[in-house]
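Novice: Can you keep this structure in mind? I'll have questions shortly.
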Amino acid sequence: MAGKDNSVNIKGDGAKATGAYHHGDLRAAVIAAGLTRLAEGDGAELGLRALARDVGVSATALYRHFPDKEALLDALADEGLRRLGALQAQAWLKAGGGVAGFKATGIAYVRFAHDEPALFRLSFTRQMPERYTKDAGDGGEVAYNLLRAGVGEALPGVDPDTAALHAWALVHGLAMLILDRRIEWDEAKVAEVVGLTFGGVG
């Protein structure tokens, strides 16, 4: 009978401690388990069955939230963008906004890629154009709005969308050079390079 929640089979011996499932928050628990697996490295299994084991439920319990693996990966990518946007917003506020805040958001972008490479790659390789229309205010939206706000002060007289794309290309390209091990991670050097575009601040 559908109303008897038979599909949710809590398995204390099979669940990871970090993925403890609390009834009513299964979606969040699965996303957290997926993020943990992503952090473990490129060989991590991100299938629904593997994550169901991590949180201690049957695989069929996940279909209500994730109809297939692609939906799960999309959710993880969205969470990556949300985290990126939150970190950039914090960096902006900590620096006091303005040109200094703009530079800080660029450094935060590259640092996020360095600290969470698998999540960063996933967040920017999913083909999800509907993200920007159905969920205005997600991490991607926050990050882009910070770019547009910052370029108005750091690059006056330039079309804000063009300037935002220019700044995004700079930090994303720098992040990928680091992830692909073309250059070594050096936060001081990152700050110097970002400063050349983000307001000419060294």
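Readers should treat all values here as calculations from the given coordinates under stated rules, not as data from a laboratory. What you see is a predicted model, and the numbers here were worked out from it, not measured in a lab. Don't worry about glycine lacking a Cβ; one is built from the backbone with ideal geometry, like all the others, and counts go over all protein chains shown.
Novice: Taking every pair of alpha-carbon atoms in region 71-197, give the share separated by more than 22 Å as a whole percent.
Specialist: Of the Cα pairs, 32 percent sit more than 22 Å apart.
Novice: Something else now. Just to verify a number: FRET efficiency for Trp185 and Leu46, C-beta to C-beta distance, R0 = 25 Å, to 0.05?
Specialist: According to the calculation, E is roughly 0.45.
Novice: Let me ask something else about it. Order by neighbour count: Tyr63, Tyr144, Tyr109, fewest other Cβ atoms within 10 Å first, most last.
Specialist: Sorted ascending by nearby Cβ count, the order is Tyr63, Tyr144, Tyr109.
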